[in-house]
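Let me begin by presenting the structure, written as structure tokens, before commenting on it.
The values are calculated or read from the model by the stated rules, or taken from the named source; none is laboratory data. A quick note: this is a predicted structure, and the numbers were derived from the prediction, not measured. Cβ atoms come from the backbone with ideal geometry, glycine included; neighbour counts cover every protein chain shown. Please note that ligands, DNA and RNA were not included when accessible areas were found on the heavy atoms of the full protein model with its side chains. Shrake-Rupley method; radii C 1.70, N 1.55, O 1.52, S 1.80 Å.
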Amino acid sequence: MTDFNEIKETLVNLDEQRLIQLVNDALEKGIPAGDILNKGLIAGMDIVGEKMENEDMFIPEVLMAARAMGKGVEILKPLLGEEETSARGSVIIGTVKGDLHDIGKNLVAMMIESAGLTAHNLGVDIAPEEFVRMIKEKNASILCLSALLTTTMPMMKQTIDAVVESGLRDQVKIMVGGAPVTQAFADEIGADAFASDAGSAAKTAKALVNQF
Amino acid sequence: MNLMGLQGGQYCPLSPEQIKIVHEASLKILERTGIIYEQGLEDTVQMLEDNGAAIDRDRKNITFPRDMIIEQVAKAPEKVVLCGQDSKNDLHLTRNRVHLGTGGAAIKILDPETGDSRSTTLKDLYEVSRLVDKLDNIHFLVRPCIATDIDEADYDINMFYACLAASSKHVMAGVNDEKGLHNVVEMASMIAGGLDKLIKRPFISVITSFAISPLKLCTQSTHIMQEANRCRIPVALSSAPMAGSTSPLTMAGTLAQLHAEQLAGITICQLTQAGAPVLYGGIPGMANLKTMGYSGGAVECGMMNAAIHQLSNHIKVPNYNSSGLSDSKVPDAQSGYEKAFTALLASMGGSNYIHHSAGMLESMLTIAYEQYVIDDEIIGNCCKVLKGIDCDAEHLALEVIDSVGPGGNFMTAPHTMAHMRTEYYNGNGVTDRKSREKWEQEGSRDIRQRALDIAKKLLAGPKTLYIPEEIDRVIREKFNILLEIQ
């Protein structure tokens with residue numbers, strides 16, 4: 001157990017070199033890769049997410065943590081069983097049509113990945129039908145829509161409507177976010193959840209996946 | 001981030017030509033109008049006469065030849081180092097080096113529990129001093145309030161004691177009389193390990209309001225000032241006329257009269273003890289012509305305090321002045337902008353020792369724990385302005401721009417990580433930049449509530465005893481120390 005604490009702390013302290021060392025050490029000691037991932041890296045990122053939510057960490061630091069975590073996952077990936085990799089929820093994320101804002105949405109995608117889910121980041125200016133197509137293709141359980149402009153917020157509603165029309169609405173939980181978006185707006189357009197920052201978005205996504 | 005002693009002088013309300021005009025006007029005031037004195041200063045007057053001043057003993061008036069003033073003022077040190085008990089708090093006062101701290105002799109405090117105004121106590125003085133000790137941007141501790149719950153006879157020693165026990169920053173205050181001065185110097189010498197060590201590292205200094213504007217010497221304070229000179233204890237020569245009542249209504253007239261008062265005061269000090277460490281203590285203020293009260297928060301106070309530093313810098317004597325006051329009764333938008341305006345102007349003027357810039361409300365009448373936290377933030381911002389914009393290769397970041405390339409982002413660049421804690425002012429936590437949701441979740445607290453929370457958290461920490469126990473025992477045997485530290 002001590003090893004996991006050290007892995008978590010090292011991740012929070014952004015020491016990438018040391019983290020890689022600790023992951024390799026743990027494997028050598030015969031600790032299962034799945035445990036290192038879930039109890040070490042993902043648990044560490046949960047702390048990072050919480051610190052981010054409380055504004056105790058700068059975003060560049062969060063990104064560094066996510067990068068360090070990614071390096072750790074790379075080592076573990078070949079050793080993880082089929083079940084452990086496929087059990088991860090599949091998330092489609094993108095910025096809605098007409099909106100070109102990228103950074104915040106990428107941050108959410110990164111935090112979702114760090115929470116142990118698989119994020120398919122479609123990019124910006126994504127049409128409703130493209131979202132629908134990708135939900136089918138990736139058999140996604142969560143759809144995350146981003147908008148920064150008040151003028152593109154209605155496009156979130158149109159995208160949700162397109163999902164309903166396609167008959168996929170029962171298959172996916174829909175999350176919305178972006179600076180002007182509020183819980184009230186999310187309720188109004190029929191989304192399942194709203195998150196105000198990337199840390200809580202990842203937490204919410206994880207909770208939604210566990211509902212399935 | 002240590003932002004103490006940065007270079008000001010970016011804001012120059014007086015042009016070089018205007019500085020000369022005012023300086024000449026002040027010399028003319030001393031030559032023609034002169035200053036007056038009252039009974040009890042015969043020795044001082046005799047000393048001035050022996051060195052060239054003309055005395056009219058019937059009118060009790062002293063006039064000064066300009067050469068005499070110029071000669072004596074030149075003896076004042078260009079740099080005065082005011083130390084802290086901890087050397088990291090040493091203040092190097094010279095040229096345009098800027099420091100800001102507390103001030104005043106407030107008699108009321110906003111009670112941290114009720115929020116209402118009540119009389120200040122010895123415990124408040126100690127606790128506020130502890131708070132100041134923990135706020136990084138407040139560079140020194142001028143006794144912030146009066147302990148109204150103790151006898152006046154016990155003031156001097158107890159107020160210095162409370163400040164020195166609570167903080168390792170430089171402590172400055174006034175004293176009631178020469179005996180009080182001697183007691184305070186004796187106590188400080190005990191802490192320093194001898195008078196010679198105290199003189200070498202003066203972690204206390206005194207304020208003497210030697211001049212009663214316009215142009216009159218205060219007998220008692222002049223005695224204290226001269227005694228401090230003889231003891232080699234640094235002294236701030238406070239004189240604080242209010243435009244419209246105790247100086248001309250106009251800013252230039254106020255500056256000319258005030259500069260004259262300072263030139264006379266510095267002359268007395270240097271004749272008493274050549275080379276005595278003094279701070280030019282001109283504090284230009286404004287009368288509220290509707291009430292004749294003090295308008296501490298007026299933007300012109302900031303302008304005039306910047307200008308008075310230009311005049312002190314002109315004669316190469318480091319200065320003590322005032323900014324960061326507000327006429328508001330509570331921490332609110334008015335106190336925020338009045339403090340920010342005046343503190344920034346005085347800082348950008350290059351003032352060396354700006355007191356009154358933390359904790360005060362209602363001009364100089366009231367203090368509040370939460371206001372110290374807010375003002376710490378304002379001072380931090382002022383100092384950040386002085387720090388300016390670094391333009392060296394590392395800060396120009398051409399390599400980073402090239403490696404990130406068009407269309408990329410800088411969030412994960414090592415350059416970002418390397419500079420993100422130092423390039424921008426990070427604050428003490430009182431400033432709200434959260435999302436509305438988060439802010440509402442945390443109770444929709446305004447700045448006053450947030451600041452009070454920070455103050456309480458800081459004060460809940462352990463009490464550092466800056467006076468070592470064995471010395472404290474000896475001090476308590478010798479003096480009537482009333483503060484009980486639990």
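I'd like to check which strands (runs of 3 or more DSSP E) are fully inside region B:212-296 and have at least 3 residues that are open to solvent by less than 10 Å² (accessible area, probe 1.4 Å).
B:235-239, B:278-282
Taking region A:107-120 as the range and being over 21 Å from residue A:166 (Cα atoms) and open to solvent by less than 70 Å² (accessible area, probe 1.4 Å) as the test, the residues that pass are A:107, A:108, A:109, A:111, A:112, A:114, A:115, A:116, A:117, A:118, A:119.
Considering region B:452-476, and only residues there that are closer than 30 Å to residue B:115 by Cα and among the aliphatic types (A, V, I, L, M), the residue that is nearest to the chain's Cα centre (by Cα) turns out to be B:455.
When you check residue A:126 against the structure, is it more than 12 Å from every other protein chain (Cβ to nearest Cβ) and over 16 Å from residue A:178 (Cα atoms), yes or no? It would help to see each step written out before you state the result.
Details: more than 12 Å from every other protein chain (Cβ to nearest Cβ): yes; over 16 Å from residue A:178 (Cα atoms): no.
For residue A:126, the condition - more than 12 Å from every other protein chain (Cβ to nearest Cβ) and over 16 Å from residue A:178 (Cα atoms) - is not met.
Among the residues making up region B:433-447, a single one is under 31 Å from the mean Cα position of the chain (by Cα) and surrounded by 15 or more Cβ atoms within 10 Å (Cβ to Cβ): B:447. Taking the criterion of being of a type in the set (S, T, N, Q) and at pLDDT below 95, the residues of region B:429-446 that qualify are B:435, B:441.
With respect to the conditions (1) in a helix (DSSP H, G or I); (2) in contact (Cβ under 8 Å) with a residue 40 or more places away in the chain; (3) not hydroxyl-bearing (Ser, Thr, Tyr), residue A:14 lacks only one, and its number is (1). Only one of the listed residues (B:452, B:458) is touching a Lys or Arg at 6+ places or on another chain (Cβ under 7 Å), away from every other protein chain (no Cβ under 14 Å) and part of a helix (DSSP H, G or I). That residue is B:458.
Select from region A:171-186 the residues that are open to solvent by 10 Å² or more (accessible area, probe 1.4 Å) and either at pLDDT below 95 or within 14 Å of chain B (Cβ to nearest Cβ) (or both) and list them in ascending order. Reasoning before the result, please.
If we filter region A:171-186 for residues that are open to solvent by 10 Å² or more (accessible area, probe 1.4 Å), which is where we start, we get A:171, A:173, A:177-180, A:182-185.
Of everything in region A:171-186, those that are open to solvent by 10 Å² or more (accessible area, probe 1.4 Å) and either at pLDDT below 95 or within 14 Å of chain B (Cβ to nearest Cβ) (or both) turn out to be A:171, A:177, A:178, A:179, A:180, A:182, A:183, A:184, A:185.
Residues that are outside any helix (DSSP H, G or I) and β-branched (Val, Ile, Thr) were ranked within region B:384-432; the one that is most open to solvent (accessible area, probe 1.4 Å) is B:389.
Name the residue, out of A:31, A:47, A:20, A:36, that is under 29 Å from residue B:438 (Cβ atoms) and either β-branched (Val, Ile, Thr) or in contact with a Leu (Cβ under 7 Å, 6 or more places away or on another chain) (or both). Steps first, please.
Values: A:31 fails: under 29 Å from residue B:438 (Cβ atoms); A:20 fails: under 29 Å from residue B:438 (Cβ atoms); A:36 fails: under 29 Å from residue B:438 (Cβ atoms).
Only one candidate qualifies: A:47.
Screening B:105, B:162 for residues that are small (Gly, Ala, Ser) and surrounded by 19 or more Cβ atoms within 10 Å (Cβ to Cβ) leaves exactly one candidate, B:162. Of the residues in region B:374-396, none is among the polar types (S, T, N, Q) and within 14 Å of chain A (Cβ to nearest Cβ).
When residue A:41 is tested against (1) over 19 Å from the mean Cα position of the chain (by Cα); (2) away from chain B (no Cβ under 13 Å), exactly one condition is not met: (1). Within region A:51-70, residues that are at the interface with chain B (Cβ under 7 Å from one of its Cβ atoms) have Cβ atoms under 7 Å from residues that are crowded, with 21+ Cβ neighbours inside 10 Å in these pairs: A:59/A:107; A:60/B:416; A:63/A:110, counting only partners at least 6 apart in sequence or on another chain.
Of all residues in region A:91-106, those satisfying the criterion of being buried (at least 22 other Cβ atoms within 10 Å of the Cβ) and hydrophobic (A, V, I, L, M, F, W, C) are A:91, A:92, A:93, A:96. For residue B:368, the conditions (1) without any contact (Cβ under 8 Å) to a residue 24 or more places away in the chain; (2) in contact with a Leu (Cβ under 6 Å, 6 or more places away or on another chain) are fulfilled apart from (1).
A quick yes/no check of all residues on (1) within 24 Å of residue B:460 (Cβ to Cβ); (2) charged (D, E, K, R); (3) free of Cβ contacts under 8 Å to residues at least 40 places away in the same chain:
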{"position": "B:96", "(1), (2), (3)": "no, no, no"}
{"position": "B:101", "(1), (2), (3)": "yes, no, no"}
{"position": "B:105", "(1), (2), (3)": "no, no, no"}
{"position": "B:112", "(1), (2), (3)": "yes, no, no"}
{"position": "B:118", "(1), (2), (3)": "yes, yes, yes"}
{"position": "B:132", "(1), (2), (3)": "yes, no, no"}
{"position": "B:136", "(1), (2), (3)": "yes, yes, no"}
{"position": "B:142", "(1), (2), (3)": "no, no, no"}
{"position": "B:146", "(1), (2), (3)": "no, no, no"}
